[in-house]
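I have placed the structure first, in the form of structure tokens, so that the comments after it can refer back to it.
The values are calculated or read from the model by the stated rules, or taken from the named source; none is laboratory data. Here the structure is a predicted model, which means the values were calculated and not measured. Cβ: placed from backbone, ideal geometry, glycine included. Neighbour counts: every protein chain shown.
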Amino acid sequence: MKEKVIGRPAGLYAEFPRKGGAAPTATHYCPGCGHGILHKLIGEAMGDLGIQDRTVMISPVGCAVFAYYYFDCGNLQVAHGRAPAVGTGVSRALDHAVVISYQGDGDLASIGLNETIQAANRGEKIAVFFVNNTVYGMTGGQMAPTTLIGEKTVTCPTGRDPRYAGYPMHMCELLSSLQAPVFIERVSVSDIAHIRKARKAVRKALEIQRDGKGYAFVEVLSTCPTNLKQDAEASTRFVNEQMEKEFPLGNFRDRSEETEPLCRNVSDFTKEAIDKAFNLDTEASPDAVEDPAFGQVLIKAAGFGGQGVLSLGLIIAKAACRAQRHVSWYPSYGPEQRGGTANCSVVISGSAIGSPVVYESNILIAMNRPSLEKFALDVKPGGVILYDSTIGEYDIPEGVRGIAVPAMEIACKTKAEKAANTVMLGVLKELGVTKLPADAFTEALAENFAGKQKLIDINKKVLEAGAQWVRDNL
Amino acid sequence: MVTQLVKGNTAVVIGALYAGCDCYFGYPITPASEILHEASSYFPMLGRKFVQAESEEAAINMVYGGASAGHRVMTASSGPGISLKQEGISYLAGAELPCVIVDIMRAGPGLGNIGPEQADYNQIVKGGGHGNYKNIVLAPNSVQEMCDLTLKAFELSFKYRNPAVVLADGVLGQMVEPLKFPTSAVQPQIDTSWAVAATPQTRRNLITSIFLDFEQLEGFNNKLQEKYELIEQQEVAYEEYMMADADIVLVSYGISSRICRSAVEQARKKGIRVGLFRPVTLFPFPEKELFKLAQTGDRTFICVEMSNGQMREDVLLATRCMRPVELVNRLGGNLITFDQVMQKIEEVAKGGSI
Ligand SMILES: Cc1ncc(C[n+]2csc(CCOP(=O)(O)OP(=O)(O)O)c2C)c(N)n1
Ligand code: SF4
Ligand SMILES: [Mg+2]
């Protein structure tokens, strides 16, 4: 009887060969199941709107897992509850697509609740059709998030008791608290009168997709006579009398008129555009030369989080790059940096670099006492330790040269309190212990602050002050 | 060719952009987050698509959506996030969808810490999700390869319609080295023979991993195995360093192989004949090559990896236990040290088995 409200919808295949079996025009749904009716409504609207060529239907896990048997459009079948995330991927890749996510209550409101809410909140261009039949149909009638209080299922055999199983979830109400959705409505397919209203909501949701306006959600109160052990009449009554009481029908939101279509950018795959994004025309380093005679210089820079030891290491690495040496830089990372101490390793080499992590160094730059204490013993004989003079007395290991540099003081005097790291750089440059030419440091500094002339000028001054200190004192 | 000093995680994004990757879907996690950060600026800059997903599960399913559309798409994460992606990876493999997943490994199990480890080997190379599937797995050991192997991963994943994983670790993600930029950019094409691209041409296409019929599903599984065999025949990649006369063979991938390289050089100076065998593809694993090494000469193998010997098991299988296979490892976020490797080399060299 219900079937006659709708003729054969153009959006459904005439026969269902993907289903296989002897009855090519019969669906796999039980008689009296709400899924079949909703399929017809969606198929009808798809056909009428002429959107089949650009429609991607996402079949969920649940009784509608085989929705792709029926819908004459592009089809995907996906993991349990993940349809809105998959739909997001489709929609972002294919801006012109009409994306449909068809889901049951277990799929949408339980395992996939996060994906549901987040896709709605992003306002994805997806029409979500939500079949609320108060039960997990496919797996044999377990309790769903939407099961009514007192309703018996195989996992609440004495009826849903809110003290143990909570209350039915109201998805339309929940999603209505979000800004982004364009359209939210709850309908029913229990009988002819209800189907007529449902048809309008289904069409509206798809029109919104046709026009690229954003997220539309249609909750469909539906029958599952098989699991609820009802005949056709009893299931209609259950939906009309009990479900509707818990889940009032109606439109919760319709902003389709005032919403503008949302058009996403067109991807640029040209090499020129990518090159430009990375400024390849202006920012290039020369390639390293093979020069085994250079050997290796292993540097460790360490200090408090804000003392700029990571960028100090990076500028040394840039200088090495300019001097056409093989180079690697490796930072301590993560929470270590937060308030605590940070350090980095720089390896400069005349040939390909093995380990980028420095355990034993030739040069240690320590900006605070904990760093000095932690790494001083790992400096190789003949190596150098530069440490800030504010650290005070420290017993430098035998065979290692210790230099207390008034880096913070010099930085303050040059009116660049935060540039103690650059003072150390100037000292390094002047000492020549890195075996890099002096001008590589100056160039690397400029490269590091690229485009910020003021910073370049100040730091160059500080760099030279550090170098001058070496000339005056060592 | 242009060179810049670049961070490993950034190099992944650079590789992806030149590979024609259209969409990036990700969720933050140390030490992979810079991939997300860089993608969030460079993808939109080029009109490409970026979504910070609500979870790794969502991200991998967005990848499923974008890949179904026939586009080149990717995600990246680290251990805990990769564990969450496993469901999605199984579906991607089951639906034969190409995509690239980057794993910047950190130390586990559980929340572990953010230090580097190589203990995702099993969950990436052996599957990790349900079913008889395999990922193509590429293991870079430099910033250059973080870029180049990401490009390669896209190429292979589309060639075989199979997920491809770039398996790196915290050090490779965080370190900076000079990168030679790619000299060409891929202009991606949608393969309309299978993609669901919202076009009249692709309207009849279906992406699914369901085969209700047992015989059919067995057939599909066998077809997958044939595909993996083909990949094994055609795509094995490895690097040999000073292997010609090596009595001791270090087998190591990723960052550990860099430390091994230094150890090989040092040991050679001491007159010990050591070589390095570095698998670049972990699936397909260079089994035949290792077997040949085990058959010829009285070599000792030393696996050097930051795990409890996960790759060593594959070396044992490949060499069919014909020769000793030792293990040098560190766990918990600690890097293997040069000294550790040297010590083992000297121990083996003194042991007189050589
Ligand atoms: C990850 C995962 N967990 C569980 C299942 C088993 N499963 C299949 S369908 C289903 C419930 C579907 O219920 P619902 O979404 O309400 O759809 P209905 O069948 O009622 O239309 C479950 C739990 C699965 N396929 N995958
Ligand atoms: S079990 Fe319920 S939901 Fe599933 S097809 Fe049958 S009636 Fe429909
Ligand atoms: Mg249900």
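Among the residues making up the range A:42-61, those that are within 16 Å of ligand 2 (Cβ to nearest atom) and either crowded, with 24+ Cβ neighbours inside 10 Å or more than 27 Å from the chain's Cα centre (by Cα) (or both) are A:Ile42, A:Ser59, A:Pro60.
Taking the numbered list (1) under 25 Å from A:Pro60 (Cα atoms); (2) surrounded by fewer than 24 Cβ atoms within 10 Å (Cβ to Cβ); (3) away from chain A (no Cβ under 13 Å) in turn, B:Gln216 passes all entries but (3).
In the set B:Val236, B:Val196, only one residue is part of a loop (DSSP other than H, G, I, E, B), within 14 Å of chain A (Cβ to nearest Cβ) and touching a Ser or Thr at 6+ places or on another chain (Cβ under 9 Å); that residue is B:Val196. Would you check if there is a residue in the range B:283-294 being modelled with pLDDT of 95 or more, of a type outside the set (Gly, Ala, Ser) and part of a strand (DSSP E or B)? Yes; the residues of the range B:283-294 include at least one that is modelled with pLDDT of 95 or more, of a type outside the set (Gly, Ala, Ser) and part of a strand (DSSP E or B). Comparison of B:Ser90, B:Ser78, B:Ser83, B:Ser40 shows that the only residue that is surrounded by fewer than 24 Cβ atoms within 10 Å (Cβ to Cβ), modelled with pLDDT of 95 or more, closer than 18 Å to B:Val13 by Cα and of a type in the set (Ser, Thr, Tyr) is B:Ser40. Selection of first residues in the range B:153-181 that are away from chain A (no Cβ under 14 Å) and crowded, with 24+ Cβ neighbours inside 10 Å and of second residues that are acidic (Asp, Glu) and outside any helix (DSSP H, G or I), restricted to Cβ pairs under 7 Å at least 6 apart or on distinct chains, gives the following pairs, ordered by first then second residue: B:Val165/B:Asp103; B:Leu167/B:Asp103; B:Leu167/B:Asp120.
Taking (1) more than 39 Å from the chain's Cα centre (by Cα); (2) over 22 Å from B:Leu5 (Cα atoms); (3) surrounded by 16 or more Cβ atoms within 10 Å (Cβ to Cβ) in turn, A:Ala420 satisfies each apart from (1).
How many of the residues in the range B:288-299 are of a type outside the set (A, V, I, L, M) and surrounded by 20 or more Cβ atoms within 10 Å (Cβ to Cβ)? Selection size over the range B:288-299: 1. If only residues of the range A:17-41 that are touching a Ser or Thr at 6+ places or on another chain (Cβ under 7 Å) and over 26 Å from A:Thr116 (Cα atoms) are counted, the one that is farthest from ligand 2 (Cβ to nearest atom) is A:Gly32. Taking the range A:85-111 as the range and being more than 16 Å from ligand 2 (Cβ to nearest atom), under 18 Å from A:Leu38 (Cβ atoms) and not polar (S, T, N, Q) as the test, the residues that pass are A:Gly87, A:Val98, A:Val99, A:Ile100.
Being without any contact (Cβ under 8 Å) to a residue 12 or more places away in the chain, over 38 Å from the mean Cα position of the chain (by Cα) and under 24 Å from A:Gln324 (Cβ atoms) is the filter here, so list the residues in the range A:439-468 that pass it. A:Asp439 - this is the single residue of the range A:439-468 that is without any contact (Cβ under 8 Å) to a residue 12 or more places away in the chain, over 38 Å from the mean Cα position of the chain (by Cα) and under 24 Å from A:Gln324 (Cβ atoms).
Give me a count of the residues in the range A:69-97 that are facing chain B (nearest Cβ under 7 Å) and more than 15 Å from ligand 1 (Cβ to nearest atom).
At the first step, the residues of the range A:69-97 found to be facing chain B (nearest Cβ under 7 Å) are A:73-79, A:82, A:85-90, A:92-94, A:96-97.
Narrowing further to those that are more than 15 Å from ligand 1 (Cβ to nearest atom): A:73-76, A:87-90, A:92-94, A:96-97.
Count: 13.
Can you report the number of residues in the range A:15-46 which are assigned to a helix (DSSP H, G or I) and within 13 Å of another protein chain (Cβ to nearest Cβ)?
Keep residues of the range A:15-46 that are assigned to a helix (DSSP H, G or I), which gives A:34-46.
Remaining after also requiring within 13 Å of another protein chain (Cβ to nearest Cβ): A:46.
Of the residues in that region, 1 qualify.
Looking at the range B:309-345, which of its residues are in contact with a Lys or Arg (Cβ under 8 Å, 6 or more places away or on another chain) and within 14 Å of chain A (Cβ to nearest Cβ)? If the condition is that a residue be in contact with a Lys or Arg (Cβ under 8 Å, 6 or more places away or on another chain) and within 14 Å of chain A (Cβ to nearest Cβ), then B:Val328, B:Gly333, B:Ile336, B:Thr337, B:Gln340 are the ones that fit.
Yes or no, residue by residue, for (1) surrounded by fewer than 22 Cβ atoms within 10 Å (Cβ to Cβ); (2) away from chain B (no Cβ under 14 Å); (3) modelled with pLDDT of 95 or more:
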{"position": "A:Ser355", "(1), (2), (3)": "no, no, no"}
{"position": "A:Glu360", "(1), (2), (3)": "yes, no, no"}
{"position": "A:Met367", "(1), (2), (3)": "no, yes, yes"}
{"position": "A:Ser389", "(1), (2), (3)": "yes, yes, yes"}
{"position": "A:Tyr394", "(1), (2), (3)": "yes, yes, no"}
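Taking the range B:313-328 as the range and being farther than 15 Å from B:Glu347 by Cα and surrounded by 21 or more Cβ atoms within 10 Å (Cβ to Cβ) as the test, the residues that pass are B:Asp314, B:Val315, B:Ala318, B:Thr319. Only one of the numbered conditions (1) assigned to a helix (DSSP H, G or I); (2) modelled with pLDDT of 95 or more; (3) surrounded by fewer than 18 Cβ atoms within 10 Å (Cβ to Cβ) is violated by A:Ala404, and that is (1).
Please go through the range A:272-285 and give me each residue that is under 9 Å from B:Val2 (Cα atoms) and within 7 Å of chain B (Cβ to nearest Cβ), ordered by number.
Listed by number, the residues that qualify are A:Leu280, A:Glu283, A:Ala284, A:Ser285.
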